1. Quickly run through region B:112-162 and pick out the residues that are farther than 26 Å from B:Arg64 by Cα, in a helix (DSSP H, G or I) and more than 7 Å from every other protein chain (Cβ to nearest Cβ).
2. Taking region A:699-721 as the region of interest, how many residues are touching a residue at least 40 places away in the same chain (Cβ under 8 Å) and either touching a Pro at 6+ places or on another chain (Cβ under 6 Å) or in a helix (DSSP H, G or I) (or both)?
3. Suppose we filter region A:703-727 for residues that are within 12 Å of A:Ala684 (Cα to Cα) and surrounded by 17 or more Cβ atoms within 10 Å (Cβ to Cβ); how many remain?
4. Only helices (runs of 4 or more DSSP H) wholly contained in region A:360-467 count here; list those with 2 or more residues that are farther than 30 Å from A:Lys201 by Cβ.
5. What are the pairs with Cβ atoms under 7 angstrom where one residue, in region A:224-243, is in a loop (DSSP other than H, G, I, E, B) and crowded, with 20+ Cβ neighbours inside 10 Å and the other, located anywhere, is modelled with pLDDT of 75 or more and hydroxyl-bearing (Ser, Thr, Tyr)? Sequence gap at least six, or different chains.
6. Kindly indicate the residue of region B:12-50 that is among the hydrophobic types (A, V, I, L, M, F, W, C) and part of a loop (DSSP other than H, G, I, E, B) and also modelled with the highest pLDDT among those meeting that condition.
7. Please verify whether region B:163-170 includes one or more residues that are within 9 Å of chain A (Cβ to nearest Cβ), surrounded by 18 or more Cβ atoms within 10 Å (Cβ to Cβ), in contact with a helix residue (DSSP H, G or I) (Cβ under 9 Å, 6 or more places away or on another chain) and not β-branched (Val, Ile, Thr).
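The values are calculated or read from the model by the stated rules, or taken from the named source; none is laboratory data. Bear in mind the structure is a predicted one, so any value in this text is a computation, not a measurement. Reconstructed Cβ throughout: ideal geometry from the backbone, glycine too, with neighbour counts over all protein chains shown.
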Amino acid sequence: MLQSSKSPKEPLQQHQKRQSNLSAWLKVGSIDPEKSVQDHQSLNDQENDSKQEESLEPALSYFATVQDGVSLKKSSALQRHLATVESIALQRGLPPEAFNVLLSTALSGKLADTVSIRLLKSLIPESVVPETSVVSAVSWLCVSKCPSNIQVLFLRWLITVFDFIDHKEDLHALYGFFFFFLQEEKMCPFICHVLYLLTRKENVKPFRVKRLLDLQAKMGMRSHLQALLSLYKLFCPELVSITLPAKTEIYFKDAEGPWKAAIKTIRQRRLENSPVPQPLILGTAQPRPQKRKWNAQLMIPASSTNRSDLEEVREKNTGLYSTDEYFPVELLQTFPQLLQNIHRLEFPSRMGSVLTNPLLLHYMNCTKDESVYLRLHYWLGQTLQEECTWCVVENSQNEEEFRDFLEILCRAQCFLHEGLTPCEEFLYRNLPLWDGLCCRSQILRLVSWIPLNSMYDMKSSLYDPLAQLFSTSSLYFKCSTLESLKRLLQNWLNWQMVHVDSAADSQTLNTTFSGLVNMVAELIHFVGMISTVALRLESNHTFLMYFILDFYETVCDIYLKYNMPLLIMPPAGVFYPVLLAMDPVNLNQLCYIMYRYRANLVAAKENEHSEKEVQQFRFSSETYKEYNQYITAMVGCLWTSNAFQKDTHPQGLRMDDELLNETGVKELKTSFNIVYHPAMIGYAVQFLQQAWPDDTTFNFSLIKGKKWNWYLKYLYAKGLEGLKVFIESSISRVSQASYNKAENMET
Amino acid sequence: MAVFQPFDKLPVLNSATLLLVGSDRGLQQELAKAMLQEKKSFKISIHLATSLPLPSEGDHLRPRIDLIVFMIDVKTKYSLKNVEASLAHVAASFFLGKVCFLVTGVGRVNYCSVEMSSIWKLGEVYCSPVLYCELELERTRVATAQRLLRMLQICAGHVPGVSALTFNFMLRNSY
């Protein structure tokens, strides 16, 4: 790969050296034996490419010197060279040095419009686009030698390759020129887009704002003007006094034109040709030839090619306007540096690079600068939508990259401890279309970062599509979804702890807080419902139960741990299958959860009595009633063997005596407890074998009195901690021996 | 006009029948193949039709249909028209959980010629779930086949405690 990345540079040097000597191009192109041998050895599969690459040079020199008004029909040389440029551009992209010549030719109006358009359309960068070529192209634009459709095409090209331009300082200097073009009606939308990409705080001037407002008054509310104005407003709210609509989905229409797909395929081809994935280039190294893809986006772009240049720029800047001086983010390496320069940081032109840079994420977290978020959100929303692998068939090859990108997003959100709005919107838009397979773990992690203060209706945008996927997908998907919903719940609870504390004195708290509680309650009810269905569908699978109980482990402790007055019992469809489960792990976990429910309810009851001033939230008596019903059933199943008689829950275990008698079980009063429970009977057998090694009759009724206590100790020693805390808290024994006299705690 | 009934025939032990209705034969066959290749615990037979009603002469040979999947391609308006016309030949009791709309081609939203809202409305009016997928991608095709098989299993009554109707309710409304 080293060889291939070198080869485009070679002609560059030759180009510069022998620019004046036309015949030299031909020589180099056709009969340089050394070079072709080298190519042959190193790049077998790119043999064709290197041949074509050699023939680009004559084409370039032809265009550099072509006479005005050569007709495409009459000149076979023009036809040939144009075809060469087009085929090479599509094949492998154009090298940096080609842009100056081709842009000048296309925009100078020397040749017929069709030729210019064809030239512009084939300007596909192989690596970078040199800034000088863009600057000179803009100067051609200013002399208006070409018709407006070509000007527009050039702007669309500029927007598409914006991130490929090697540095943009001079381009920023041309801000005023771009701004002038706003008055051209046809170019206006695209100029707005270019300005949107270029604008910095110092560009926002009163006269510009006035001009934009005038334009808006003349042309009416246009989304592109709105976008630019909202950016201006973010930079200088004091200058833009009009109110702008809060959010527009799409500011700019797709300006990408014919280049995007070509850039993608070239990139794809390169990736295929290189056996090892190319490493991300860090620091100020030259960016690699990737279009608006995240890999390129995620690097901090070099605003100047090397550090000595940067130093120069800085020195110059200090002389001119020392207060406005910015610290280049690519030099930001350590945390102390961040602290020293925190007042003079400017975000890079590629906002995506922020995502992989912890220092900038720190900065983003503490800065109140809305424009930073606006820029990031704009870029992120667009990238996610464009690159989504299941919504755009053409992207299906790039799934791995998309996964990496989502992974980076997940990590950034985790770092920021909050979800990003574009990710949320992306989920809502694309979850219904998701197959539940592609990038599963990343998508589910994105789900867990949906913010609690979301403006969207959770039911229609998240729960409905998720429920559909959930119920038609595999057991593994169900478990992963439950896991991510547990994370979501935890993130919400953590978030409300932080934010409710900080806004404790605000007047509006009451209404918003109860809104938050309702949202959390809605999530818990949703999980209860899908858990019930899932247990049915998967016939009470142990693995599934584990994940469901994991969720309820968070739910049962909301009041004490997260200080939110909310307690929701699991639905009967979850409780009873787990209570009668065949494995001790889940039963033990259920015991622990019920113990925590008890602790929370007791604490709530105590608080109710003690502090009566601010008790707007009370647990309903329904919750207490449900808890007591569950406890009755549990004690009946684990201790008193009377669950079938005593259970009062409408969906519970209660059976009529006649039916019970029909079962033919002799000792009804003693045969369904901690010894006989299907999850426990294994322990009981082991216990019997150890306590009465000679007895082979498996007489479980031997476990009583003192032996009952031994048995309990035996169970605790086996690690059934949940069972221990449950029995110790909820079953008060009148005497140590009379195990069949237990009563449940009334709370 | 022959109206298609869900319960006019007896079920066959340990087997389920799916009817795919859609104007694109190629896609139908691909999907059917993917479903047949999946591992499953019951016998399935898949019937393909471009439109309803089915010809009446083979009626006595046809097994009981447990699930009808109407395929709508977002790229052609005709596919939606075709499905809408076919729906008239399905008995109302089928819509108690034994019908599903499969929207294909969502990977090319740019070429979309059917309005998504009209599909959504169709699902609402006929009380049936709408699934979206892109059958051109092999992975999604396999995933869709698996999802349809799970639905079929439930609609054929092979999952104890879950009826087609409750499942249908689950798919359309989370609660």
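1. B:Met116, B:Ser117, B:Ser118, B:Ile119, B:Trp120, B:Lys121, B:Glu138 - these are the residues of region B:112-162 that are farther than 26 Å from B:Arg64 by Cα, in a helix (DSSP H, G or I) and more than 7 Å from every other protein chain (Cβ to nearest Cβ).
2. Counting residues in region A:699-721 that are touching a residue at least 40 places away in the same chain (Cβ under 8 Å) and either touching a Pro at 6+ places or on another chain (Cβ under 6 Å) or in a helix (DSSP H, G or I) (or both) gives 2.
3. So the count comes out to 6.
4. Values: elements: A:370-387, A:399-416, A:421-430, A:440-447.
Correct list: A:399-416, A:421-430, A:440-447.
5. Pairs that qualify, where the first residue is in a loop (DSSP other than H, G, I, E, B) and crowded, with 20+ Cβ neighbours inside 10 Å and the partner is modelled with pLDDT of 75 or more and hydroxyl-bearing (Ser, Thr, Tyr), are A:Val240/A:Tyr232.
6. Step by step, filter region B:12-50, then rank; the result is B:Phe42.
7. The answer is yes; a qualifying residue exists.
Here is a yes/no grid of residues against (1) within 24 Å of the chain's Cα centre (by Cα); (2) modelled with pLDDT under 75; (3) under 26 Å from A:Val194 (Cα atoms):
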residue	(1), (2), (3)
A:Gln333	no, no, no
A:Gly352	yes, yes, yes
A:Pro358	yes, no, no
A:Met364	yes, no, yes
A:Leu376	yes, no, yes
A:Leu380	yes, no, yes
A:Glu387	yes, no, yes
